[in-house]
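Working notes, beginning with the structure itself.
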Amino acid sequence: MNAMCSEYPGYLKLHEDGELARRAARAVDSLTECAVCARACGADRLHEEHPNSYCRTGRYARVSSCFPHRGEEDCLRGWNGSGTIFFSQCNLRCVFCQNFDISWQGEGRPVEPDRLAGMMLHLQDCGCHNINFVTPSHVVPQILEALCPAVERGLRLPIVYNTGAYDSLETLQWLDSVVDIYMPDFKFWDPEVSKQLANAENYREVACRAVREMHRQVGDLVIDDDGLARRGLLVRHLVMPNRQAGTADVMRFLAEEISRDTYVNVMPQYHPAGHAEQYEMINRPVTLDECREAVATAMEAGLWRLDRR
Ligand code: SF4
C-alpha cells in the first residue's frame, strides 16, 4: 500500500480533534441559505418544511436504499460488496437518468442523523469494504452530521463519494480528510448539451473545478494488495449516443490537467430512460463502435488505468 495511504480513514483524526463536529455544525447552519451544491439556490432548508430548492430536499436527507452492492467496480465491491447508501432526489436530474424513480420521483424516506449512522454501521457489520454515498452532493451537511455518531459507535470503513460532479468547491473542502475515495461521474463537456440534458449550462466548468479539488485532496487511486481501493480518485464516464457526452474532450482533460494515472471507468451501459425519448439524439442505446471509440480516445489521450469490466 502507498505510504500516503494510512490504515485508518482520515475522519477518525478529525473526529478526535473535534473538527468533524465543528464542520458538521457549520455545514448544517449553512442550510438556512443553501449553497451546498453548485446550484446555490439560497433556499432555507433548515426551517421550511417544503423549501423552494432544486434538489427538493429539506432538513433531513432522504434515503432510497442501503445494501451491500456487488455491481460496483471490482476495487470497490471486493468480495463482500460496497456499502451503498442511495440518497433520493438529485441536484442534477439528467433527463435520461437511469435511476429516474429515485432522482426525479424521490422514492425514499427521510432519515435523521442517528438512523443514517445506523445504516453505515449496519453495512460495516455486513462486511462491506467501504461506505459508498450515492448522489450525495445535496446532503453533505447531513452526511457530516451523521458521521459523528457513526464514528463514536465504531465506524472505521473508507468513505466513497459517488457524485455527478456538480459539486461546490466550498462543500468539497468540508470533505477534505473525510472522503477517502472520490468517484465523480464526468457526464458532459459541451455546455449546450449539459444545458439541454441537465439544466446545467456551466456543468463543465463546475465539474472540472470539482475534479481538480478531489484530486488535490486524495491523489490518484491507490489499490491495495487485496485489490481494494483505499484512497484516491476514480472517474466514471457514461458513453452516450452521438458523442453527446464529449468523451474525447473529457479524456483529454483528465490526462492533461489531472493525471495520466487517473483511474477511469468508461461505461457502456447507457440506455434511454426517464424522459430520454423526448430527445432524439439520445433516444437509443450506444453502439459497440461508439464504446470502442470512447475507449480508444481515452488511450489516445494517454490514460491507461481503464477499468477492465
Ligand atoms: S443542495 Fe439543493 S437547495 Fe442547496 S444549492 Fe443545491 S439544489 Fe439548491
Computed on Cα atoms, Rg of segment 62-200 relative to 2.2 N^0.38 Å comes out at 1.04
The answer for Met267, listing residues at least 5 apart or on another chain whose modeled amide H is closer than 5 Å to its amide H, is His237, Leu238, Val239
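Give me D for segment 148-255 in µm² s⁻¹, whole number, from Stokes-Einstein with Rh from the Kirkwood sum over alpha-carbon pairs, 10 °C and 1.306 mPa s.
Numbers: Rh = 14.9 Å.
Diffusion coefficient, whole number: 107 µm²/s.
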Per-residue HN-Hα couplings for segment 217-222 [Karplus 6.51, -1.76, 1.60; θ = phi - 60°; Hz; x = Gly/Pro]: 6, 10, x, 5, 5, 9
Tell me, what is the percent relative contact order of segment 230-299, built from C-alpha pairs under 8 Å that lie six or more residues apart? 42 percent
Counting only residues 5 or more apart in sequence or on a different chain, those whose built amide H sits under 5 Å from that of Gly219 are none
Viscosity 1.002 mPa s, temperature 20 °C, Stokes-Einstein D of segment 268-307 from Kirkwood C-alpha radius, µm²/s: 185 µm²/s
Can you list the HN-Hα couplings for segment 114-122, worked out from phi with the Karplus curve (6.51, -1.76, 1.60; θ = phi - 60°), rounded to whole Hz and with x for Gly and Pro? 5, 5, 5, 4, x, 5, 4, 5, 4
Could you calculate the FRET efficiency of Leu46 with Asn199 from 1/(1 + (r/R0)^6), where r is the beta carbon distance between them and R0 is 25 Å, rounded to 0.05? 0.50
Accessible area (Å², per residue) of the chain, counting only protein heavy atoms and a probe of 1.4 Å: 43 Å²
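Can you figure out the FRET efficiency of Asn80 with Asp101, using R₀ = 30 Å and their beta-carbon distance, to the nearest 0.05? Before the final figure, lay out each step's value.
Values: r = 27 Å, r/R0 = 0.90.
Efficiency computed from Cβ-Cβ geometry: 0.65.
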For the chain, the percent of accessible surface on carbon and sulfur atoms (probe 1.4 angstrom, ligands and nucleic acids excluded) is 46 percent
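Could you work out the relative contact order of the chain, using alpha carbon pairs under 8 angstrom and six or more residues apart, expressed as a whole percent?
On the way: 664 pairs, mean separation 50.7, N = 309.
Relative CO of the chain lands at 16 percent.
When the gyration tensor of segment 188-307 is built from Cα positions, what are the square roots of 5 times its three eigenvalues, in whole Å, from largest to smallest? Working shown, then result.
Numbers: eigenvalues 131, 57, 34 Å².
Working from the Cα gyration tensor, I get semi-axes of 26, 17, 13 Å.
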Modelled label-to-label distance, Tyr8 and Glu300, 7 Å Cα→beta-carbon offset: nm? 4.9 nm
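For Arg216 and Arg109, calculate 0.36 nm times their separation in residues minus their Cα-Cα distance, and state this gained length in nm to one decimal.
Details: separation 107, 0.36 × 107 = 38.52 nm, distance 3.43 nm.
Additional length available on full extension: 35.1 nm.
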Based on Cα coordinates alone, diagonalise the gyration tensor for the chain, multiply each eigenvalue by 5, take square roots, and list the semi-axes in whole Å, largest first. 28, 24, 18
Could you derive backbone 3J(HN,Hα) for segment 299-309 from the dihedral phi with the Karplus parameters 6.51, -1.76 and 1.60 (θ = phi - 60°), listing whole Hz in sequence and x where the residue is Gly or Pro? 5, 4, 5, x, 7, 9, 8, 9, 4, 7, 6
If a paramagnetic tag sat 7 Å from the Cα of Arg308 along the Cα-Cβ line, which residues of segment 76-106 would have the backbone N under 17 Å from that point? 76-79
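Can you bin segment 1-95 into rounded, prolate or oblate? Criterion: square roots of the alpha carbon gyration tensor eigenvalues sorted a ≥ b ≥ c, rounded for a/c under 1.5, prolate for a/b above b/c, oblate for the rest. The partial results should precede the final answer.
Values: a/c = 2.51, a/b = 1.37, b/c = 1.83.
Judged from the Cα gyration tensor, segment 1-95 comes out oblate (a/c at least 1.5, b/c at or above a/b).
Please report, in debye to the nearest 20, how large the charge dipole of segment 1-89 is about its Cα centre when each Lys and Arg carries +1 at its beta carbon and each Asp and Glu carries -1 there.
Working: 11 positive and 12 negative charges, 43 e Å.
Dipole about the Cα centre, nearest 20: 200 debye.
For segment 190-243, what D do you get in µm² per second when you plug the Kirkwood radius from alpha-carbon pairs into Stokes-Einstein at 25 °C and 0.890 mPa s?
Details: Rh = 13.2 Å.
Value of D from the Cα-based Kirkwood radius: 186 µm²/s.
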So how far apart, in nm, are the two label points at Glu19 and Asp226 if each is 7 Å from Cα heading toward Cβ? 2.7 nm
Among Tyr60, Tyr11, Tyr161, whose mean-square fluctuation peaks in a Gaussian network model of the chain (Cα, cutoff 10 Å)? Tyr60
Under 5 Å between amide H atoms, partner at least 5 residues away or on a different chain: which partners does Asp185 have, H built in plane at 1.01 Å? Thr163, Gly164, Ala165, Arg236
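So between His122 and Arg156, what do we pick up on full extension, going 0.36 nm a residue minus the alpha carbon distance? Walk me through the numbers before you get to the answer.
Details: separation 34, 0.36 × 34 = 12.24 nm, distance 1.21 nm.
Once the chain is fully extended between His122 and Arg156, it gains 11.0 nm.
The values are calculated or read from the model by the stated rules, or taken from the named source; none is laboratory data. Quick caveat, the model's predicted, so the values are computed rather than measured. A quick note on method: Cβ atoms are made from the backbone with ideal geometry, for glycine too, and the neighbour counts reach across all protein chains shown. When the accessible area is computed, the model is the full protein with side chains, heavy atoms only, and any ligands, DNA or RNA have been set aside. Shrake-Rupley method; radii C 1.70, N 1.55, O 1.52, S 1.80 Å.
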